[in-house]
């Protein structure tokens, strides 16, 4: 009798082990097909990062690995927040690809006036097309002081609400698009008048 009970227990454990291995340990009937690599953050595995779209000739998507292979630029810049202008949030060297290069690669249409920028968390901001095309120091950074970061815009000389992080979409539009803070009255140009003393 004890042998029979032991055999049933072993069979039950084997059955449970097969079930949990098949279901991905979720106790669900939905089989998990993702590999360990696919379960990691797609920003670190070359998955889609940024979509360049809108009023461009050649819309395209960029993966982080593709971004790293593009012509890069190092920019020393300080990130200031309007809520704490006397305390820099970040100060160092950012490495990334000029936003100008990404737009030119897509082919900017003549009627594009604004660059609408979107983040993975729903945050938005904007820049003027002419400003982006005139400034190679506006970059989509993927490193800060040599350490990898999620893609974020670096906009030297402007307040932090322009420095969108978790960038997922760049859309060129033909109207005066305003981002989250710009649409409630924050200056659309966001220039810091005196970066040596931004709180004045």
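A few points about this structure:
- Extension gain, residue 174 to residue 101: 0.36 nm times the residue separation minus the Cα-Cα distance gives 24.3 nm.
- Per-selection Kirkwood Rh - segment 122-189 (Cα, Å, 1 d.p.): 12.8 Å
- Efficiency of FRET from Cβ geometry, residue 191 and residue 145, R₀ 25 Å, rounded to 0.05: 0.50
- Legend: calculated FRET efficiency, residue 61 to residue 82, from the Cβ-Cβ distance at R0 = 45 Å, rounded to 0.05, equals 0.90.
- Projected onto its three principal axes, the C-alpha set of segment 53-196 covers 43, 35, 28 Å, listed from the longest axis down.
- Taking a point 7 Å from the Cα of residue 128 along the Cα-to-Cβ direction, the residues of segment 148-170 with backbone N closer than 18 Å to it are 155-159, 162-163.
Only the coordinates and a few stated rules stand behind these numbers; no lab work does. In this text the structure is predicted, and so the values were computed from the model without any measurement. Please note: Cβ atoms are built from the backbone with ideal geometry, for glycine as well, and neighbour counts cover all protein chains shown.
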